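Reviewing the structure listed below.
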Amino acid sequence: MAREGILIVVSGFSGAGKGTIMKELTGRHEQYALSISATTRTARPGEEEGKEYFFKSREEFEQMIEDGALIEYACYVGNYYGTPRAYVEEMLAKGRDVILEIEIQGARKIRKQFPNAVLLFVTTKDAQVLRERLGRRGTESQEVIEQRLLRAVQESEGIEEYDYLVVNDELDACVAEIHSIIETEHRKICYNMELLNRVREELRSFSKGE
Ligand code: 5GP
């Protein structure tokens, strides 16, 4: 019997290391399918079309919205980011666990559309580490870093809407912890109705002496 796929939202402060965690997680376990978002932000050095993002113009992005091609989208520090619908639906139908690495407005929209989705928030153990990482990344201007820190302050107010808080202190431990949370989610009754109904049916038959 194929397992039902789970939709997993991973959010976290800019600089919390979500990207690295996702690479490790998907590299270690085949069950995960990482959704690639569309965005209007320009590519950072080293980023490739179709790998980190699908890079779109504003017009192209707005057309995707109009066509209903995104399951959610949001504006983040002046740019659009959105999750293409087709890949998510296809992977879930195949029983894969689909990971969306998205910010909080998108997470809220996913929660509404997919009430069984599991929402994880990744943080560092303190804010100082975040500030250092953002500065060290060297890909953003001081102005953008400040906007991202401001956005982190706003996002921190919404963390109670998530199901789990994961601290990215040591990468290996953090990846193992996320995997273990997802494996536990698979044991929820809502993902096991097929098996449950089969056992119920068998029990009924036995009780009737069949
Ligand atoms: P970055 O520019 O650092 O790659 O991403 C900025 C923020 O946008 C991050 O918090 C990231 O999780 C979020 N993000 C990336 N893709 C999507 C998306 O498809 N939808 C939403 N709502 N947020 C996204």
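Only the coordinates and a few stated rules stand behind these numbers; no lab work does. Every value quoted in this text rests on a predicted model; they were computed, and no experiment measured them.
Axis of helix 142-156 versus longest Cα principal axis of the chain: the two differ by about 30°, to the nearest ten degrees. Computed from backbone phi, the HN-Hα couplings of the stretch 70-86 come to 10, 7, 7, 7, 8, 9, 9, 6, x, 10, 7, 9, x, 9, x, 5, 4 Hz, rounded to whole numbers (Karplus: 6.51 cos²θ - 1.76 cosθ + 1.60, θ = phi - 60°; Gly and Pro given as x). Listed values for the stretch 183-193 are Karplus-derived 3J(HN,Hα) couplings in whole Hz (6.51 cos²θ - 1.76 cosθ + 1.60, θ = phi - 60°), namely 4, 5, 4, 4, 7, 4, 4, 4, 8, 10, 5, and x replaces Gly and Pro. Close amide H pairs (under 5 Å, H built 1.01 Å from N) link residue 80 with 40, 41, residues at least 5 positions away or on another chain.
Considering only Cα-Cα distances, which of the following residue pairs are longer than 32 Å: 18/56; 109/188; 51/94; 112/208? Don't jump to the answer; show the numbers that get you there.
Values: 18/56 22 Å; 109/188 22 Å; 51/94 21 Å; 112/208 42 Å.
Flagged as over cut-off: 112/208.
DSSP finds beta bridges in the chain, and of those with both partners inside it, around 30 percent are antiparallel. In terms of its C-alpha gyration tensor, the stretch 44-201 comes out oblate, because a/c is 1.5 or above while a/b does not outweigh b/c. Take every DSSP beta bridge whose two residues both sit in the stretch 70-169; close to 60 percent of them are antiparallel. Residues in the stretch 36-48 carry Karplus couplings, in order, of 9, 7, 9, 8, 9, 6, 6, 5, 7, x, x, 7, 10 Hz; the curve used is 6.51 cos²θ - 1.76 cosθ + 1.60 with θ = phi - 60°, and Gly or Pro positions show x.
Separation of the stretch 146-161 from the stretch 40-118 is 19 Å, based on Cα centroids. Scanning residues 5 or more positions from residue 71 or on other chains, those with amide H under 5 Å from its amide H are 83, 85, with H placed 1.01 Å from N in the peptide plane. Amide H contacts of residue 166: 121, 122, 123, each under 5 Å away and 5 or more positions distant or on a separate chain (H built 1.01 Å from N in the peptide plane; Pro and chain starts excluded).
Helical content of the chain, expressed as a calculated mean residue ellipticity at 222 nm, amounts to -14000 deg cm²/dmol (DSSP H runs of 4 or more residues, -39,500 (n - 2.57) each, divided by residue number, nearest 500).
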